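Peer 1: My questions will all concern the structure given below.
The values are calculated or read from the model by the stated rules, or taken from the named source; none is laboratory data. Quick caveat, the model's predicted, so the values are computed rather than measured. Using ideal geometry, Cβ is built from the backbone for each residue, glycine included, and neighbour counts are taken over all protein chains shown.
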């Protein structure tokens, strides 16, 4: 029987300036579960959770006949890492003593396949959602004839057509037993943590959003998502869940069904999600709070109406303000995300973003430069390729704006007082740890 290994790289290796969370590689766990259903020998090595060097990961992988490496686990399909040094060093060393077939999956090979072949030199790439493609290859279908696979033939790129979208309801329970579940945590939620998904893709078309990994917007049935929740809680003692859907409450019926199930089960469970500020209302937020929702992520992006229109967000600042305030009123914490460096954005418009962040006063605020990922309209404006920012902007100016925004937001007396009133001692300690880690990783 062939020995199959999945590798989740250590994205902290070789890049001390990036803040990388330790979350489970959900898509690898789903793929591994599929292969176990088929009676195959499969393991997962999470080098990120175990903080392994490339050499240590080579030892952990050991003997393998087929090795799948992800350049971006599911939670990073939309916002991938730029640092792939771990993978490059790992493959170079692994090749010295192994003849295993190496297949890379993830967003990098989906949008820039030749870049991956040149820098990592795998045998094959899997483009877009990988699970069913992995299953076919591991059950004997030749990669050269498998839909969704790319490879080099006589030095030229061959891209097989993409397969039909997989049915999310046919996915088995994630193989959490193959992961170091005790290692996963979210700084603002706690440990005993996992990711689950009720949908893939997004029905909206913001110019910066990278959706090339997804086969459009599709949802999982409530029945199957509820089974996964029960499985995570009862079998693995999970206490904190992040529903990783790009827009969780857009499918209101699914969100309400999840909430009612959690209320009925009376689990001691805290959970968070990401959604749009115009996709919530007081009734839904009250239900979510009763069901254990502790935190909602909102992508605000900008405080400039002109930039908001430019990026095709299709929402107003007034609706964002209303949604965030309703969330606070319901007793749910918020994490709002802001970006600097959109096309034509002036420093005055960037300052408006900071001012809007102060006005919203979320529990947590995150500031970044806008990355023009290949495969997005913003990436097309940047001329393609992996870039940290649009060429029209000075990166040091953007970095300075991020630093100023971060410090101005968190060191305000008004913010500190509001946190003292709204938060709990446990919440304060989580935020202090997050603040300290972020400062040491990115701003110093």
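Peer 1: Would you please list the contacts, defined by Cβ atoms under 7 Å and residues six or more apart or on different chains, that run from a residue in segment 331-350 that is without any contact (Cβ under 8 Å) to a residue 40 or more places away in the chain to a residue that is in a loop (DSSP other than H, G, I, E, B)?
Peer 2: Within 7 Å, the pairs are 334/362; 334/363; 336/362.
Peer 1: A follow-up question, please. When you look at residue 20, is it crowded, with 18+ Cβ neighbours inside 10 Å and over 24 Å from residue 98 (Cα atoms), yes or no? Quick ask: steps written out before the conclusion?
Peer 2: Details: crowded, with 18+ Cβ neighbours inside 10 Å: no; over 24 Å from residue 98 (Cα atoms): yes.
Answer is no for this residue.
Peer 1: Same structure again: Would you confirm, using the coordinates I've provided, whether residue 303 is in contact (Cβ under 8 Å) with a residue 24 or more places away in the chain and more than 14 Å from residue 409 (Cβ to Cβ)?
Peer 2: Values: in contact (Cβ under 8 Å) with a residue 24 or more places away in the chain: yes; more than 14 Å from residue 409 (Cβ to Cβ): no.
Taking the combined requirement at face value, the residue does not satisfy it.
Peer 1: Out of the residues in segment 316-330 that are without any contact (Cβ under 8 Å) to a residue 40 or more places away in the chain and out of contact with any helix residue (DSSP H, G or I) (no Cβ under 7 Å at 6 or more places or on another chain), which is surrounded by the fewest Cβ atoms within 10 Å (Cβ to Cβ)?
Peer 2: 318
Peer 1: Go through (1) surrounded by fewer than 20 Cβ atoms within 10 Å (Cβ to Cβ); (2) touching a helix residue (DSSP H, G or I) at 6+ places or on another chain (Cβ under 7 Å) and name the single condition residue 125 misses.
Peer 2: Only one criterion in (1) surrounded by fewer than 20 Cβ atoms within 10 Å (Cβ to Cβ); (2) touching a helix residue (DSSP H, G or I) at 6+ places or on another chain (Cβ under 7 Å) is unmet by residue 125, namely (1).
Peer 1: Test of understanding: among 40, 26, 50, which residue is touching a residue at least 12 places away in the same chain (Cβ under 8 Å), outside the structural domain of residue 376 (by TED's automatic domain parsing), surrounded by 15 or more Cβ atoms within 10 Å (Cβ to Cβ) and closer than 25 Å to residue 215 by Cα? Steps first, answer last, please.
Peer 2: On the way: 40 fails: closer than 25 Å to residue 215 by Cα; 50 fails: closer than 25 Å to residue 215 by Cα.
Criteria check complete, one pass: 26.
Peer 1: Take residue 76 and tell me if it is within 18 Å of the chain's Cα centre (by Cα) and closer than 30 Å to residue 161 by Cβ.
Peer 2: On the way: within 18 Å of the chain's Cα centre (by Cα): yes; closer than 30 Å to residue 161 by Cβ: yes.
Here the answer is yes, as residue 76 does meet what is asked.
Peer 1: Quick test for you: out of 125, 162, pick the one residue that is closer than 19 Å to residue 74 by Cβ and outside any loop (DSSP other than H, G, I, E, B). Explain how you work it out, then say what you get.
Peer 2: Values: 162 fails: outside any loop (DSSP other than H, G, I, E, B).
Answer to the check: 125.
Peer 1: Can you tell me which of (1) buried (at least 21 other Cβ atoms within 10 Å of the Cβ); (2) in a strand (DSSP E or B); (3) not assigned by TED's automatic domain parsing to the domain that holds residue 246 is the one residue 194 doesn't meet?
Peer 2: The one condition residue 194 does not meet is (3).
Peer 1: Give segment 272-303 a look and list any residue that's within 14 Å of residue 260 (Cβ to Cβ) and part of a strand (DSSP E or B), or say none.
Peer 2: Restricting attention to segment 272-303, the residues satisfying the condition of being within 14 Å of residue 260 (Cβ to Cβ) are 283-284, 286-293.
Listed by number, the list holds a single entry, 293.
Peer 1: Before we move on, is residue 352 surrounded by 14 or more Cβ atoms within 10 Å (Cβ to Cβ), out of contact with any strand residue (DSSP E or B) (no Cβ under 9 Å at 6 or more places or on another chain) and part of a loop (DSSP other than H, G, I, E, B)? Can you show your working first?
Peer 2: Working: surrounded by 14 or more Cβ atoms within 10 Å (Cβ to Cβ): yes; out of contact with any strand residue (DSSP E or B) (no Cβ under 9 Å at 6 or more places or on another chain): yes; part of a loop (DSSP other than H, G, I, E, B): no.
No.
So that you can scan it fast, the table gives a plain yes or no per residue for (1) under 18 Å from the mean Cα position of the chain (by Cα); (2) buried (at least 21 other Cβ atoms within 10 Å of the Cβ); (3) more than 24 Å from residue 203 (Cβ to Cβ):
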{"position": "224", "(1), (2), (3)": "no, no, no"}
{"position": "229", "(1), (2), (3)": "no, yes, no"}
{"position": "234", "(1), (2), (3)": "no, no, yes"}
{"position": "255", "(1), (2), (3)": "no, yes, no"}
{"position": "265", "(1), (2), (3)": "no, no, yes"}
{"position": "271", "(1), (2), (3)": "yes, yes, no"}
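Peer 1: Shifting gears a bit: Please give the number of the condition residue 214 fails out of (1) under 19 Å from residue 28 (Cα atoms); (2) touching a strand residue (DSSP E or B) at 6+ places or on another chain (Cβ under 9 Å); (3) not in a loop (DSSP other than H, G, I, E, B).
Peer 2: Every listed condition holds for residue 214 apart from (3).
Peer 1: Only one residue in 335, 357 is surrounded by fewer than 19 Cβ atoms within 10 Å (Cβ to Cβ), assigned by TED's automatic domain parsing to the domain that holds residue 387 and touching a strand residue (DSSP E or B) at 6+ places or on another chain (Cβ under 7 Å). Which one? Don't jump to the end; show me each part of the working.
Peer 2: Values: 357 fails: surrounded by fewer than 19 Cβ atoms within 10 Å (Cβ to Cβ).
Answer to the selection: 335.
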